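Just so it is clear, none of the values below were taken in a lab; they were calculated from the coordinates. Not measured: the values here are computed from a predicted model. Here Cβ is always computed from backbone atoms with ideal geometry, including for glycine, and neighbour counts include all displayed protein chains.
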Amino acid sequence: MPDRKRFINVRGGYSDTSGIAPCNTEMQLYQFDKRTRMMISNKTFDILKNVFQNPEKMFMMREADSAFCEDVISNVFIEPVRLLPGESFNWSAVFKAKFDPVFFDADYNEVLDLLWYVCKWIHDRMVNKKINNVIYSAFNSIFEAEYVGYRFVDGQIIAITDEQEIGEIEEACCNPYKGCRSHLKKAVVFLADRENKDYKNCIKESICAVESICQVITKNDKATLGQALKSLKDSGLKIHPALEAAFSKLYGYTSDEGGIRHCEGMFESDVSFEEAKFMLVSCSAFVNYLIAESGKNHA
């Protein structure tokens, strides 16, 4: 029997669950299927429709939609903006003419580039920042449901597929300590940039975040991580000896003469994405652990 044209594609429907025409369950990293592209396009359109319904309330600016279109056309599509006085762009027309061809036909990285720019534009101008979390969560839900191997983490799109890893990083990036939080946010940016790879600095910022939180807990802003780890016990913090030893070794790995934090250390090509991701996740988890344990002592 010749293959029949497929008219619909319902995840969880009869065709999917019975195995007659199952939906994709393979991780999508370098290619996005038609269903995923459609869902990203629809969700982006829906979000823009909602935020531009009342631009003065959302952005404290009139004609935010036209300003958005000008920025996207100029900075993403790198095309000239030709508006006469009194003219403005219609965002839905620009979406259909410019966005949909990218979402449906461009390579996966360009889809993610456009999606990131849209979310960042909204984030940078939105009055109510809580709405941004809703937007990021909406796309992360699509990524999870459609087996897309990327997630929004602290406003960046990074290739992390384990939900527990994502949770550790997001929690650490929201901790109340500015210095530690700043290091982690920088580490996320370094990890997310796959075109201009700087995984060395991702590792450096990750370990600096641990050092920073240790300095807060020990009340010694000049202590190195190695010194601070030894002083944590004096602050009433109980750390399992094996865990303390593990992070002492990680600190040594980044700080010895051939380590990450020395200019004569490894070349960038020697540091892999997986190595940088491991350090970011591990350091984020350790930061969360230290903050939680410190909180118990001051409860």
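Remarks
- Taken along the Cα-to-beta-carbon direction at a fixed 7 Å, the label points for LYS129 and TYR289 span 2.9 nm.
- Set of aspartates and glutamates near LYS238 by C-alpha distance (under 14 Å), chain-local residues within fewer than 8 positions excluded: GLU293
- Taking amide H positions as modeled 1.01 Å from N, with prolines and chain starts lacking one, the residues under 5 Å from ALA21 and 5 or more places away or on another chain are ASP16.
- Debye intensity ratio in log₁₀ form over the Cα atoms of region 14-149, taken at each q of 0.09, 0.19 Å⁻¹: -0.31, -1.14
- Normalised contact order of the chain, rounded percent, pairs of Cα under 8 Å and 6 or more residues apart: 14 percent
- A dipole drawn for the chain from +1 and -1 charges on Cβ atoms has a positive end, and of GLY295, HIS123, ALA276 the residue lying farthest that way is GLY295.
- Amide H to amide H distances under 5 Å link VAL153 with ILE158, where only residues 5 or more positions off or on other chains count and H is placed in the peptide plane.
- Modelled label positions at LYS249 and ASN50, each set 7 Å beyond Cα in the direction of Cβ, lie 4.7 nm from each other.
- Residue range of the chain that is longest and free of GluC sites (Glu not before Pro) which are both DSSP loop and sparsely packed (at most 10 other C-beta within 10 Å): 88-194
- Of the residues PRO55, SER137, PHE89, the one whose Cα sits farthest towards the positive end of the charge dipole of region 14-149 is PRO55 (charges of +1 on Lys and Arg Cβ, -1 on Asp and Glu Cβ, taken about the Cα centre).
- For region 57-163, trypsin sites (Lys or Arg not before Pro) meeting the loop criterion (DSSP other than H, G, I, E, B) and having at most 13 other Cβ atoms within 10 Å: ARG62, ARG82, LYS129.
- Subset of LYS186/LYS296; LYS49/LYS186; LYS200/LYS296; LYS43/LYS186; LYS129/LYS185; LYS129/LYS277 violating a 22 Å alpha-carbon distance limit: LYS186/LYS296; LYS49/LYS186; LYS200/LYS296; LYS43/LYS186; LYS129/LYS277
- Residue-averaged 222 nm ellipticity for the chain, from DSSP H runs of 4+ at -39500 (n - 2.57), nearest 500: -18500 deg cm²/dmol
- A cut-off under 11 angstrom between Cβ atoms defines the neighbours of ALA64, and their net charge, with Lys, Arg +1 and Asp, Glu -1, is -2.
- Under 5 Å, built H, 5+ apart or other chain: amide partners of VAL148: GLN28
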